[in-house]
């Protein structure tokens, strides 16, 4: 039996319709993805960052939290953060500093108030906590500081 030309024609038309539909569907998805990718590249620059404003109060709180964390989890590093002249005059040794830290009450340290001043090119943050302690941070850059645990042992 011979295939009639009409059957062949119908098969060719159906196959062409399937391939055309598949091609258009694939083309649609590829174009949509590339548009989203191009918009992504267009909206964002290389090494783009979002500026964040940090208040003086936020920085004072951050210095206090950082130092308290170091006091209890890396006491030697906390000792090294003390100003050298202050450290030698107030404590003299790491053991003396450890005894001081261990004598502090293990309650929460929360900032009650702070002050900020500038002296000799340094920013100085004085932070008073809820336990009546004062921490003075003499900063020369963000998170680059020396600590004083009182304001009378040495001149800051």
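Computed quantities for the displayed model
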{"item": "Condition met for residue 78 (touching a strand residue (DSSP E or B) at 6+ places or on another chain (Cβ under 6 Å), at pLDDT 90 or above and surrounded by 13 or more Cβ atoms within 10 Å (Cβ to Cβ))", "result": "no"}
{"item": "Matching residues, segment 52-64, being in a helix (DSSP H, G or I), loosely packed, with under 14 Cβ neighbours inside 10 Å and out of contact with any strand residue (DSSP E or B) (no Cβ under 6 Å at 6 or more places or on another chain)", "result": "58"}
{"item": "Where residue 28 falls short, out of the listed (1) surrounded by 10 or more Cβ atoms within 10 Å (Cβ to Cβ); (2) at pLDDT 85 or above", "result": "(2)"}
{"item": "Tabulated pairs, segment 85-97, first in the same structural domain as residue 71 (by TED's automatic domain parsing) and touching a residue at least 40 places away in the same chain (Cβ under 8 Å), second outside any loop (DSSP other than H, G, I, E, B) and surrounded by fewer than 18 Cβ atoms within 10 Å (Cβ to Cβ), C-beta under 9 angstrom, 6+ apart or interchain", "result": "90/96; 90/100"}
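The values are calculated or read from the model by the stated rules, or taken from the named source; none is laboratory data. What you see is a predicted model; the values in this text were computed from it and never measured. Using ideal geometry, Cβ is built from the backbone for each residue, glycine included, and neighbour counts are taken over all protein chains shown.
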